[in-house]
Each structure stands twice: as C-alpha cells, then as structure tokens.
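Q: Here you go, one structure.
The values are calculated or read from the model by the stated rules, or taken from the named source; none is laboratory data. Everything quoted here is computed from the prediction, not taken from an experiment. Note that each Cβ is placed from the backbone with ideal geometry, even for glycine, and that neighbours are counted across all protein chains shown. Areas reflect the complete protein model, heavy atoms only, side chains present, ligands, DNA and RNA absent. Shrake-Rupley method; radii C 1.70, N 1.55, O 1.52, S 1.80 Å.
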Amino acid sequence: MTNSKSIKSLVIYGLCIALVCVMTMVVQIPVPMTQGYVHLGDSCILLIAIFFGKKYGAVAGGLGSALADILSGYAHWALFTLIIKALMGFVAGSFSNYRYSKSKFMSVNTTIASLLTIAVMVIGYLIGGTILKGSFAVALTSVPSNAIQGVMGMVLFFAIGKAFDKVHLNNYIHKFQN
C-alpha cells in the first residue's frame with residue numbers, strides 16, 4: 001500500500017469513527033427500562049459497512065459507538081458496545097454483496113445483513129446486560145427496546161442507503177479509495 005493510500009484510508013477510518021460517534025450522540029432518546037438510549041448510530045454503522053466494507057464498518061462501529069458511550073456517561077457499557085457494534089459492522093459488511101458487485105442496494109443480501117445486525121445487537125446487549133446487572137431476567141427486559149432501536153436504525157439505513165444508491169455514491173467511494 002502506498003503512503004498516499006495509507007493516508008486516505010486513515011482519513012476515511014477517522015471520519016467514519018467520528019460520524020458514528022456524532023450520530024450516536026446527536027439524538028438520544030432515553031429508554032428507562034434499559035438505562036440506555038435509542039440513537040441514529042446503528043444506521044450509520046450499516047451505511048459504512050455496506051458502502052465501505054466490513055473492516056470500515058467494524059472499526060467505525062466499534063470505536064465510534066464506544067466513544068459515544070464514554071462521552072455520554074455510559075462508560076460502563078463501552079467495552080460491550082465496542083465488541084457488539086464492531087461485530088455489527090463486520091456482519092453487515094460480510095453479508096451484503098453491494099459494495100463489490102453491480103447489484104442493487106435494495107436486495108435480499110442487504111436485507112439479511114441488516115436483520116443479522118439487529119440480532120447481533122439484541123443478543124450482544126442481552127449478554128452484556130446479564131453480566132453488568134448480574135441477572136438474565138433483568139437483562140431480558142432490554143430485548144424489546146433494543147429490537148425497536150435496531151428496526152428504527154434499519155429503516156433509516158434503507159431510506160438513506162436508497163438515496164445514496166440513487167446518486168451512485170458507491171462509484172465515488174470506489175474512485176476515492178483507489
């Protein structure tokens with residue numbers, strides 16, 4: 001990899017991390033039963049993973065979301081968030097073939113990728129909540145809220161992603177990365 005490509009890649013990683021962090025923090029709707037919040041960061045993770053690939057999705061999802069937790073007063077969740085959101089970005093980028101093909105954004109693979117990320121998030125926070133709260137039953141109460149957060153993120157992801165697809169953003173990203 002040339003020095004120029006390394007710098008471009010580093011800049012893209014930094015911008016993606018910052019974007020996930022900001023989108024997670026800009027609108028936070030508190031959810032008392034989970035002691036957490038619903039936010040826009042999940043849709044951003046999906047967009048990055050689908051348009052830039054699984055590595056960018058994992059790094060931006062994990063670091064951006066964990067940073068948002070730390071800056072928002074949820075530092076006790078940061079390690080769990082780092083792992084869960086990184087896994088979400090990796091899964092989304094792995095299961096969608098949009099970035100590497102001439103397929104349409106609205107596809108079975110993209111839908112499966114986004115549904116899998118919801119499952120990763122719900123199960124991940126169930127495990128994390130069980131560890132932090134010391135009770136599976138108590139952590140189980142977070143499942144509906146996390147599922148709603150995931151669905152909201154997926155709806156926003158499809159709306160924005162469809163607009164990005166319509167302007168052929170993928171072509172610009174590919175040119176910029178080369």
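Q: Mind listing just one residue for me: the one in the range 126-157 that is crowded, with 18+ Cβ neighbours inside 10 Å, under 15 Å from the mean Cα position of the chain (by Cα) and farther than 30 Å from Lys5 by Cα and, of those, modelled with the highest pLDDT? If you could, list the steps in order and put the result at the bottom.
A: Kept after step one, since they are crowded, with 18+ Cβ neighbours inside 10 Å, are these residues of the range 126-157: 128-129, 139, 142, 145-146, 149-150, 153-154, 157.
Checking which are under 15 Å from the mean Cα position of the chain (by Cα) leaves us with 146, 149-150, 153-154, 157.
Checking which are farther than 30 Å from Lys5 by Cα leaves us with 146, 149-150, 153-154.
Details: Asn146: 90, Gln149: 86, Gly150: 89, Gly153: 89, Met154: 93.
If we take residues in the range 126-157 being crowded, with 18+ Cβ neighbours inside 10 Å, under 15 Å from the mean Cα position of the chain (by Cα) and farther than 30 Å from Lys5 by Cα, then Met154 is modelled with the highest pLDDT.
Q: Condition test on Phe51, is it in contact (Cβ under 8 Å) with a residue 60 or more places away in the chain and part of a loop (DSSP other than H, G, I, E, B)? Please lay out each step first, then the result.
A: Details: in contact (Cβ under 8 Å) with a residue 60 or more places away in the chain: yes; part of a loop (DSSP other than H, G, I, E, B): no.
Here the answer is no, as Phe51 does not meet what is asked.
Q: Any idea which residue in the range 40-74 is surrounded by the most Cβ atoms within 10 Å (Cβ to Cβ), counting only those that are more than 15 Å from Val120 (Cβ to Cβ) and either among the aromatic types (Phe, Trp, Tyr) or touching an Asp or Glu at 6+ places or on another chain (Cβ under 9 Å) (or both)?
A: Result: Tyr56.
Q: A further question on this structure: Of the conditions (1) open to solvent by 20 Å² or more (accessible area, probe 1.4 Å); (2) closer than 19 Å to Met152 by Cα; (3) within 11 Å of the chain's Cα centre (by Cα), Gln28 fails just one. Which one is it?
A: (3)
Q: Would you pick out the residues in the range 12-30 that are closer than 19 Å to Leu46 by Cα and of a type in the set (Val, Ile, Thr)?
A: If the condition is that a residue be closer than 19 Å to Leu46 by Cα and of a type in the set (Val, Ile, Thr), then Ile12, Ile17, Val20, Val22, Thr24, Val26, Val27 are the ones that fit.
Q: Asn171: free of Cβ contacts under 8 Å to residues at least 24 places away in the same chain and not in a helix (DSSP H, G or I), yes or no?
A: It is false that Asn171 is free of Cβ contacts under 8 Å to residues at least 24 places away in the same chain and not in a helix (DSSP H, G or I).
Q: If you don't mind, another one. Does any residue of the range 89-106 turn out to be open to solvent by 10 Å² or more (accessible area, probe 1.4 Å), under 19 Å from Ala18 (Cα atoms) and not small (Gly, Ala, Ser)?
A: Yes: one or more hits.
Q: Given (1) of a type in the set (Phe, Trp, Tyr); (2) touching a helix residue (DSSP H, G or I) at 6+ places or on another chain (Cβ under 8 Å); (3) open to solvent by 10 Å² or more (accessible area, probe 1.4 Å), identify the lone condition not met by Tyr37.
A: (2)
Q: Let me ask you something else. Any residue at all in the range 13-29 that is under 20 Å from Ala147 (Cβ atoms) and touching a Cys at 6+ places or on another chain (Cβ under 7 Å)?
A: Yes.
Q: Quick one: Lys133 ticks every box in (1) basic (Lys, Arg); (2) closer than 25 Å to Phe52 by Cα; (3) in contact with a helix residue (DSSP H, G or I) (Cβ under 7 Å, 6 or more places away or on another chain) bar one, so which box is it?
A: (2)
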